[in-house]
1. Which numbered condition in (1) without any contact (Cβ under 8 Å) to a residue 12 or more places away in the chain; (2) closer than 19 Å to CYS306 by Cβ; (3) among the hydrophobic types (A, V, I, L, M, F, W, C) is the only one that ALA19 fails?
2. Scan segment 1-33 residue by residue and report those that are within 30 Å of ASP72 (Cα to Cα) and either surrounded by fewer than 17 Cβ atoms within 10 Å (Cβ to Cβ) or among the acidic types (Asp, Glu) (or both).
3. Give the residue, chosen from VAL273, VAL278, that is surrounded by fewer than 20 Cβ atoms within 10 Å (Cβ to Cβ), at pLDDT 95 or above and more than 16 Å from ligand 2 (Cβ to nearest atom).
4. Under the condition of being more than 30 Å from LEU47 (Cα to Cα) and among the basic types (Lys, Arg), which residue from segment 90-125 is surrounded by the most Cβ atoms within 10 Å (Cβ to Cβ)?
5. Look at ARG303 and say whether it is touching an Asp or Glu at 6+ places or on another chain (Cβ under 7 Å) and either away from ligand 1 (no atom under 13 Å from the Cβ) or in a helix (DSSP H, G or I) (or both).
6. Residue pairs, Cβ under 7 Å, 6 or more apart or interchain, first in segment 417-442 and surrounded by 13 or more Cβ atoms within 10 Å (Cβ to Cβ), second at pLDDT 95 or above and among the basic types (Lys, Arg). List them.
7. Has segment 258-272 got any residue that is under 19 Å from THR540 (Cβ atoms) and more than 15 Å from ligand 1 (Cβ to nearest atom)?
8. Residues that are without any contact (Cβ under 8 Å) to a residue 12 or more places away in the chain and either on the phi > 0 side of the Ramachandran plot or surrounded by fewer than 17 Cβ atoms within 10 Å (Cβ to Cβ) (or both): does segment 296-307 have at least one?
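The values are calculated or read from the model by the stated rules, or taken from the named source; none is laboratory data. Predicted, not measured: the structure shown is a model, and the values here were computed from it. Here Cβ is always computed from backbone atoms with ideal geometry, including for glycine, and neighbour counts include all displayed protein chains.
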Amino acid sequence: SDEKSLNFLEEIVDSDLKAGKYKQIITRFPPEPNGYLHMGHAKSICLNFGLALKYGGYTNLRFDDTNPVTEDTEYVESIKNDVQWLGFQWKHELYASDYFAQLYGFGIKLIEKGLAYVDDSTSEEIAAQKGTPTQPGTDSPYRNRSKEENLKLFQEMKEGKYPDGAKVLRARIDMGHINMHMRDPILYRIKHAHHHRTGDTWCIYPMYDFAHGQSDAIEQITHSICTLEFIPHRELYDWFIAKLELYPSHQYEFARLNMTYTVMSKRKLLQLVNEKYVAGWDDPRMPTLSGVRRRGYTPESIREFCDKIGVAKRENLIDVGLLEFCVREHLNKISLRRMVVFDPLKVIITNYPEGKGEMLAGENNPEDPNATTRDVPFSREIYIEQEDFMEVAPKKFFRLAPGQMVRLKNAYIIRCESVVKDSAGKIQALHCTYIPESRSGSDTSGINVKGTLHWVSVQHAVPVETRLYDRLFKVEDLGDAEGDFKSYLNPDSLQVVQAYAEPALLEATTAERYQFLRKGYFCLDPDSTHTKLVFNRTVTLRDMWAK
Ligand code: ATP
Ligand code: MG
Ligand code: MG
């Protein structure tokens, strides 16, 4: 990525540093702890932490916890875990709620400057006062309260004298402002609610706009990076900093990450969880970081993906196939190769002595220069895939057919001699012979065959459960889809298939990644027990959706 041209944010940081504007840059990742992080957050994390790493600054993890109703400590822990899993370490762990006293002081300061007032209007009245983008708003009847009265009322709001919704604190800017966000925005509302950190200390809570920029300024964030929908908020961000005479943090906006076949909003993901369309936040079909982790995606591949897609200034839709491509590339490098038969057809090797067996060596990973091997037991009866045999095969079918030869991976060349059927004509097994001189690694047979099949020894096969995932949604662009997004769920997004694994997989761990030869990349699911192994298909070997 060093040779790549700078993205627009890197250009800004680069020129700020060259101009001596800052000694070091400070960024922040500001999640609201009201849900689990998703791939969109991964983009933001890579961007914020990546900038600080590249330019020698640091990044704060700041929980934007100003809404007591939706937030929870459970989410705080999962967010910290996810950021670290992605490979990043924050400098300070901070909470907007730690600034509540300071923010309250900022409210007082604005009142004293004649720049804020307590408004008794209802939320409907305030909405009506706002006007429209083409029509100016109207002043609230409470707009010209005296400073003394405002100070007293604001304090009483804080002391719990008033019920929810009875009053708000508003900035006193301009009800005719061309930017709707500047039309006397609400700074504080009354909410008698328990907060996950401050408990019942507060019954007034600051709005996002009154908390975010000020938190940035308190932490001396140099570059505050957010998504495009905050462009119209920037003027207000700057207004608070100017009027409160705070550290001049600056807000920059980039396009949020949207992916095909994916919803990426915590609110929608929460619905999928609550209404049981998925098994939980970490369901491997979910675009949450806990979901893709369980699915087997690696942090390296996610970072690579975020790097590849770059930083856009306009909304766009990224092909989820690109993410899968990055996952495949990385898994190809690190996966242990294993053989698993999904749809077994028994093969009896008639010239292999009964009761005999031998241990063959299978390469763990041909991509690894220090590749080691594993033991692969071979015996007279093995399973191959049903689809690797055809009784009447077309010319270019290089797998098994009567009279045809194939190589068994890591083992011998076999020839199909006859087909064993039941009385109904259904194929029960194949009778094959093997070529003893053709053993992989010491093949002196001189025979060349085109096809290589994966297989497992019947006697040693370990039954496992595999979970095969498809897209969670049927439509490409859910942003464009009309009506309830849940009506676009793919009913076949999960298929559970019993399979037969080679015994090396008995030692599988969740830390490893596996390539089931010719089948895809898999990882051990935490649902696994000693008696039942469960594997998730992370991604297929090739792009099955390529056009
Ligand atoms: P959602 O819209 O899914 O509820 P959010 O923006 O409300 O997400 P926050 O916890 O407020 O979630 O987000 C933390 C940070 O992550 C913010 O800076 C936000 O801009 C960024 N972020 C959220 N979603 C995306 C996305 N899809 N692409 C890039 N950045 C995102
Ligand atoms: Mg938010
Ligand atoms: Mg949001």
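1. Against the list (1) without any contact (Cβ under 8 Å) to a residue 12 or more places away in the chain; (2) closer than 19 Å to CYS306 by Cβ; (3) among the hydrophobic types (A, V, I, L, M, F, W, C), ALA19 comes up short only on (2).
2. Correct list: GLU32 only.
3. Going through VAL273, VAL278 in turn, the sole match is VAL273.
4. LYS109
5. no
6. Partner pairs satisfying both residue conditions: ILE427/LYS421; ALA429/LYS346; CYS432/ARG415; THR433/ARG415.
7. no
8. No; the residues of segment 296-307 include none that is without any contact (Cβ under 8 Å) to a residue 12 or more places away in the chain and either on the phi > 0 side of the Ramachandran plot or surrounded by fewer than 17 Cβ atoms within 10 Å (Cβ to Cβ) (or both).
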